[in-house]
Amino acid sequence: MAARFSGVLQLTDLDDFIAPSQECIKPVKVDKKPGKSAAKIRIEADGSYFQVNQDGEAQKLEKAKITLNDCLACSGCITSAESVLVRQQSHEEFCKVLALNKVADPHEQKLVVVSCVLKFCYPVPGVHYVFDTTFSRNFSLLESQQEFVRRFHRQANDKKALPMLASACPGWICYAEKTHGSFIIPHISTTKSPQQVMGSLVKGYFAEQKQLPPDRIYHVTVMPCYDKKLEASRPDFFNQEYQTRDVDCVITTGEVLKLLEQEGVSLSDMDPAPLDNLLGGAAGELSTHPGGGSGGYLEHIFKRSALELFGIHVDSIHYKPLKNKDLQEVTLERDGEVLLHFALAYGFRNIQNLVQKLKRGKCPYHYVEVMACPSGCLNGGGQIKLEGESSKEELQQVERLYESLRAEIPEENQAVRELYQHWLGGWGSERAQAVLHTQYHAVERTNSALNIKW
Ligand code: SF4
């Protein structure tokens, strides 16, 4: 299972162990058996707990249960939560909800919404609405750019305002929180990723329009990587009042294919269906954002900030490859003076070098688009693998398809403007800040032996 996550996560701590055991540093409470006086608790190698009574009798205790949240808040393992994760964030779980919906009373049925990062949509029985995360990425891009400008203005008084590091990749975020904690967090943009912006829109705006409480909507996202399952499971995206997540289930594009195979359906035999518009009706022509398959953050922030901060129009961006194609930089110069210095750093090797430079105070950049996967999101670990194609050919094919779509300009999208104006209380409002931004948590490494509590 660990091999399916991005390389960055695999390199940190995914391959530890598979069930709560002595090594787990999360304090868990296991109730002792009543009526007997326990002499001691014995822990077996498989993680089972036994209460050994005064008379020598050994009684098996309930297995300790930890949740994915527990694991995400810990610097130890993640694999111990994978059984939980697989149950909560799998195509099996999605099918279970669809099946339950068929037999549930109407007032208990869930409205099933799927948000896709895919550029295709096929009708799935039981799914009521399908949205495209390109729409929510508009908000992520706009907010990231505004955040960058704010940070740029305060760089003289705030040493950690710059460089601003991208926040859309949960593999990178998880690695940063666990490995570099409070040192790196102030540099990370607080803007939510497109998946989580969509979560807020679906469980917030869309639920209001449908006059449903958020927990009556089952929101599934289809994503290119397993790391997105971890992101959806973060406590920051859990609605305490309604006990529901902004994104209930994440399935990868590869899992969608598996689901279809299970149903005996071939993708090539299906007719595409139009995507829905969050504000009603069908969505228009498929579109994407320019600047590569990882969201186009660098390109959007660079062009808009060049204009806003220096009054310079940038038509096209010239990327300068450095040590490898996953490390490239872009500069804006005037009369020999460097005004903006941006970079993209994909994959563990480049991320590690970037962090080391930052630690030595030698990072020259104002902004870095950081992504955990080499070649970015189009190469995510959850993507469909085509038979008979090398991964390089496959990636080139996906890149070509992606680039063939219409380029979307976030600030020109009428629906985005309308939501800012009527639902978020205006551009730059407190509500927009609360709905579209998040926070991160440093995870300090602790000595496991000192943390087992009974
Ligand atoms: Fe997922 Fe993209 Fe990050 Fe890879 S780079 S882990 S695909 S968000």
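Spin-label point model (7 Å from Cα, Cβ direction): what's the Asp335 to His153 distance in nm?
That separation, rounded to one decimal, is 2.4 nm.
Which pairs break 29 Å Cα to Cα here: Lys203/Lys392; Lys102/Lys192; Lys229/Lys320; Lys160/Lys320; Lys178/Lys357? Don't skip to the answer; put the middle values down first.
On the way: Lys203/Lys392 38 Å; Lys102/Lys192 34 Å; Lys229/Lys320 33 Å; Lys160/Lys320 25 Å; Lys178/Lys357 18 Å.
Long pairs (Cα-Cα over 29 Å): Lys203/Lys392; Lys102/Lys192; Lys229/Lys320.
Between Arg431 and Ile384, how many nm apart are label points set 7 Å from Cα along the C-beta direction?
Taking the two extended label points, one gets 3.9 nm.
Fully extended, how many nm does the chain gain between Val103 and Ile409 (0.36 nm per residue separation, minus their Cα-Cα distance)?
Roughly 105.8 nm would be gained on extension.
As an exercise, use a Förster radius of 45 Å and the Cβ-Cβ distance of Met270 and His441 to find the FRET efficiency, rounded to the nearest 0.05. Present the calculation step by step, with values, prior to reporting the outcome.
Working: r = 42 Å, r/R0 = 0.93.
Once rounded, the FRET efficiency stands at 0.60.
Could you work out how far apart the two model spin labels at Lys325 and Trp423 are, taking each label as a point 7 Å from the Cα in the direction of the beta carbon, and quote it in nm?
My value for the distance between the label points is 3.8 nm.
Throughout, read-outs are computed from the coordinates displayed, never taken from laboratory work. Nothing here was measured: the structure is a model prediction, and the numbers come from that model. Here the Cβ is made from the backbone with ideal geometry for all residues, glycine too, and neighbour counts use every protein chain on show.
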